[in-house]
Amino acid sequence: MQYQPTLESVSQHPVPTWFHNAKLGIFIHWGLYSVPAWAPNSGDLGEVIESGNWADWFTVNAYAEWYANTYRISGSPTQQHHFATYGHGHAYRDFVGPFNEGTEQWDPNSWADLFKEVGARYVVLTTKHHDGFLLWPSRTPNPYLDGYHVRRDLCGELAQAVRGRGLTMAYYYSGGVDWTFTPQVIRSRMDLRAACPQSPEYVAYADAHWRELVDRYETAILWNDIGWPRHHNTNQLFADYYNAMPDGLVNNRFGQHFDAAGATQLSPVHHDFTTPEYQQYDSIQERKWESCRGIGASFGYNRQEGVDQYLSAEALIHSFIDIVSKNGNLLINVGPTADGRIPPMQAERLRSLGAWLADNGEAIFDSRPWRTAEGSTDGGVDVRYTTHDGDLYAILMDSPGSREFAINGIVAAPGARATVLADGTEAALNQTEQGLAFRTNAPLTGSPAHAIRISPAPEPAAS
């Protein structure tokens with residue numbers, strides 16, 4: 001269809017099948033903040049959201065990509081680190097030279113090879129974060145800082161490598177915060193709302209950038225962040241985008257109008273999917289969603305982080321399975337070093353996920369939620385469900401401890417068969433009053449989770 005620049009028209013856009021099927025994306029936060037690569041280990045944003053304790057978050061911000069803001073907060077750990085390391089006269093823009101030098105060593109093909117190896121289906125690169133630095137030589141350069149962009153075309157080179165391996169390429173853009181236009185220091189959520197540039201100059205600047213990312217780089221997603229100028233016609237942007245790329249998507253971070261408390265969006269803004277950050281929903285969502293998070297507590301590389309801050313391989317795999325069972329995708333982030341290396345511990349976590357997917361990906365990719373997301377075995381092991389092509393996939397989130405176990409509350413269809421995906425062996429089935437009993441050839445051990453295909457899919461037990 002031909003989309004018109006109205007909310008009614010763009011809201012008819014369907015979520016494309018590729019995004020439903022993809023399940024796993026790689027987020028990349030890479031920029032000037034990758035040079036200092038420093039933030040305090042103060043916990044992740046999900047903990048702050050859950051507790052509601054925002055009082056000190058911006059002062060002790062664990063996001064290394066927020067360095068340009070945090071180092072300007074008087075007395076913050078980041079400011080103390082900056083002064084001790086670089087001196088009082090060192091400005092954030094002085095990181096441009098070292099970053100450009102570092103990117104000369106970058107090999108985009110090594111990234112694309114890793115992403116393909118772990119089973120990711122799409123990649124989202126930060127093209128401009130809140131610091132305003134551009135990761136491509138834009139036709140619309142920054143009007144306040146000459147040369148405030150990367151020398152290499154990181155957007156174009158990564159797209160070529162990613163697409164060359166059959167993956168989908170998309171881009172992030174910070175539309176709601178740009179400290180080169182509105183340099184005020186953000187110390188609270190109220191400051192964050194006030195930080196969005198609203199000048200006609202910025203409206204034209206940000207609009208030109210998104211259109212360049214569409215026309216020049218064919219971004220598969222408009223992955224915006226922290227809102228959008230209120231005087232811009234987002235429906236025009238979305239309609240033009242969908243008409244050019246019908247299988248594109250728009251995320252839910254283009255909000256424009258807020259009440260006096262800065263909390264409630266007053267005017268509806270179209271989106272294709274929601275993006276909980278360091279969080280995930282606890283039930284199946286009718287609308288498509290994507291959970292985004294770092295492997296540690298920061299998106300940008302933070303040299304302070306180690307094993308205590310990083311997700312374990314088991315936690316990453318379990319989180320991913322849970323998200324997929326509830327109609328979500330996982331956009332897991334890597335934070336490269338300034339010279340374009342993915343830190344070994346981050347790569348190791350991704351490879352652990354990839355190794356599990358190599359054996360069990362059939363239960364994940366191209367699947368859809370079942371009638372319920374969660375279940376349990378008679379021994380108390382949590383179970384997550386997905387379905388595809390008439391089959392049910394029951395994924396045990398731990399080892400059952402025996403060759404014999406039952407999954408509560410499901411009734412097998414006549415003639416049903418069960419297959420353990422990891423080794424392709426068939427499990428014997430027996431229907432009981434409690435549920436469906438399994439007998440496997442060998443105990444299910446040695447993996448964070450075990451996927452079993454049940455063909456055809458059973459019906460839930462009558463309540």
Item checked: Gain in span if fully extended, Met345 to Arg368, counting 0.36 nm per residue against the direct Cα distance -> 5.2 nm
Note to self: I'd like the orientation of helix 313-325 relative to the chain: the angle between its Cα long axis and the longest Cα principal axis, in ° from 0 to 90, rounded to 10.
What the structure shows: 80
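Cβ under 15 Å from Ala208's Cβ, Ala208 left aside: what net charge do those residues give with Lys, Arg +1 and Asp, Glu -1?
Numbers: positive: Lys128, Arg139, Arg211, Arg216; negative: Asp178, Glu201, Asp207, Glu212, Asp215, Asp240.
Net of charged neighbours comes to -2.
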Margin query: On C-alpha positions alone, give me the angle between the axis of helix 200-215 and the longest principal axis of the chain, in degrees, nearest 10.
Written below: 50
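Using just the alpha carbons, could you tell me how many Å³ per residue the convex hull of segment 262-364 encloses? Numbers along the way, then the final one.
Working: hull volume 15.9 nm³, N = 103.
It is 154 Å³ per residue.
Based on Cα coordinates alone, diagonalise the gyration tensor for segment 308-410, multiply each eigenvalue by 5, take square roots, and list the semi-axes in whole Å, largest first.
On the way: eigenvalues 169, 51, 24 Å².
Calculated on Cα positions only, the semi-axes equal 29, 16, 11 Å.
What number, rounded to the nearest 500 deg cm²/dmol, is the helix-based mean residue ellipticity at 222 nm of the chain, given -39500 (n - 2.57) per DSSP H run of at least four residues and division by all its residues? Could you put the intermediate results ahead of the total?
Working: 13 runs with 123 residues, N = 463.
Value at 222 nm, helices only, nearest 500: -7500 deg cm²/dmol.
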Next item on the list: Could you run the Debye sum over the Cα atoms of the chain, one equal point scatterer each and no solvent, and tell me log10 of I(q)/I(0) at q = 0.11, 0.13, 0.14 Å⁻¹, two decimals?
Entry: -0.90, -1.19, -1.34
Checklist line | Largest-first principal axis extents, alpha carbons of segment 1-126, Å | finding: 57, 41, 31
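Using the Cα centre of segment 154-299 as the reference point, and only Cβ charges (+1 on K/R, -1 on D/E), how large is the resulting charge dipole? Debye, rounded to the nearest 20. Mind showing how you got there, number by number?
Details: 12 positive and 17 negative charges, 49 e Å.
About 240 debye.
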Next item on the list: Post the alpha-carbon centroid distance, segment 289-331 to segment 74-99, in whole angstrom.
Entry: 29
Margin query: Distance between the C-alpha centers of segment 131-162 and segment 229-249? Whole Å please.
Written below: 22
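Of all the stretches in the chain, which is the longest one without any exposed loop site, taking GluC sites (Glu not before Pro) in a DSSP loop (any state but H, G, I, E, B) with at most 12 other Cβ atoms within 10 Å?
It works out to 105-285.
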Next item on the list: Distance between Cα centroids, segment 390-463 to segment 364-380: provide it in whole Å.
Entry: 11
Next item on the list: Any chance you could give the angle, 0 to 90 degrees and rounded to 10, that helix 108-118 forms with the longest Cα principal axis of the chain?
Entry: 20
Notebook entry, point to check: So, with a 1.4 angstrom probe, what is the percent of accessible area on the chain that is carbon and sulfur?
Noted result: 47
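Rolling a 1.4 angstrom probe over the protein heavy atoms, how many square angstrom per residue are accessible across the chain? Present the calculation step by step, with values, prior to reporting the outcome.
On the way: 18040 Å² over 463 residues.
Averaged over the residues of the chain, the accessible area is 39 Å².
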Check: Quick one: what does P(r) look like for segment 95-212 with 5 Å bins over all Cα pairs, in whole %?
Finding: 2, 10, 19, 20, 17, 14, 10, 7, 1
Next item on the list: Work out from phi, with θ = phi - 60° and the Karplus expression 6.51 cos²θ - 1.76 cosθ + 1.60, the ³J(HN,Hα) of each residue of segment 119-127, listed in order in whole Hz, and give x for Gly and Pro.
Entry: x, 5, 9, 8, 9, 10, 9, 6, 8
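Assign unit charges at the C-beta atoms only (+1 for Lys and Arg, -1 for Asp and Glu), then state the dipole size of the chain relative to its Cα centre in Debye, rounded to the nearest 20. Write down the numbers at each step before the final one.
Values: 33 positive and 52 negative charges, 91 e Å.
For this selection, approximately 440 debye.
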Checklist line | Extended-chain gain in nm, criterion 0.36 nm per residue less alpha-carbon gap, Ala315 and Gln236 | finding: 24.3 nm
Next item on the list: Take every DSSP beta bridge whose two residues both sit in segment 243-356, then give the antiparallel share in percent to the nearest 5.
Entry: 10
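The values are calculated or read from the model by the stated rules, or taken from the named source; none is laboratory data. These numbers were taken from a predicted model, which means no experiment stands behind them. Every residue, glycine among them, receives a Cβ derived from its backbone with ideal geometry; neighbour counts consider all protein chains shown. Each accessible area value is taken on the protein alone, full model and side chains, heavy atoms only, with ligands, DNA and RNA left out. Shrake-Rupley method; radii C 1.70, N 1.55, O 1.52, S 1.80 Å.
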